[in-house]
Amino acid sequence: MSRRSNRTPVEGSSAGRNEAFELEEQNDRQLEGLSAKVSALHSVSINIHDEVDVQNRLLDGSADTFNRFGTMFDRTRHQLNHTLATANKKFLCYLTLVLIFGVFGLYYFGKTLLSRLFGSHEIPEA
């Protein structure tokens, strides 16, 4: 930047007009630079706003999912408590045995099926 003097240029002199013209051009260049910076900041702020909207929708979706899971969990817990309160001991014993044999049966079936498909040398023994 050029150093400004405190005196105003004389209207009729060509040196005063040149100095005023030079200062006006300098102001225009600085305004163009400032305008570019403002538009860049505007673009960045729009991008931040869009990203915040996306993140808020993601968080809202997560909250809804957790709320649905909590509702399902409470309903399942209530049904289990109701079943345990109303069922007799013999029924619960049979149910437990069926579940245990079912898990072992699925394990055996899965291990047998995998050993036939891939060969016995690729499945480690438990």
Notebook entry, point to check: Pick from segment 27-85 the residues that are of a type in the set (Ser, Thr, Tyr) and either outside any helix (DSSP H, G or I) or within 30 Å of Thr96 (Cβ to Cβ) (or both): which of them is nearest to the chain's Cα centre (by Cα)?
Noted result: Thr71
Next item on the list: Could you tell me which residue of segment 109-126 is least open to solvent (accessible area, probe 1.4 Å), considering only residues that are modelled with pLDDT under 85 and small (Gly, Ala, Ser)?
Entry: Gly119
Next item on the list: Could you list, in sequence order, all residues of segment 96-108 that are at pLDDT 90 or above and open to solvent by 70 Å² or more (accessible area, probe 1.4 Å)?
Entry: Leu97, Val98, Leu99, Ile100, Phe101, Val103, Phe104, Leu106, Tyr107, Tyr108
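The values are calculated or read from the model by the stated rules, or taken from the named source; none is laboratory data. Values in this document were obtained by computation on a predicted structure and should not be read as measured data. With ideal geometry, Cβ positions are generated from the backbone for all residues, glycine too; neighbour counts draw on all protein chains shown. Surface accessibility is based on the protein's heavy atoms, side chains included, excluding ligands, DNA and RNA. Shrake-Rupley method; radii C 1.70, N 1.55, O 1.52, S 1.80 Å.
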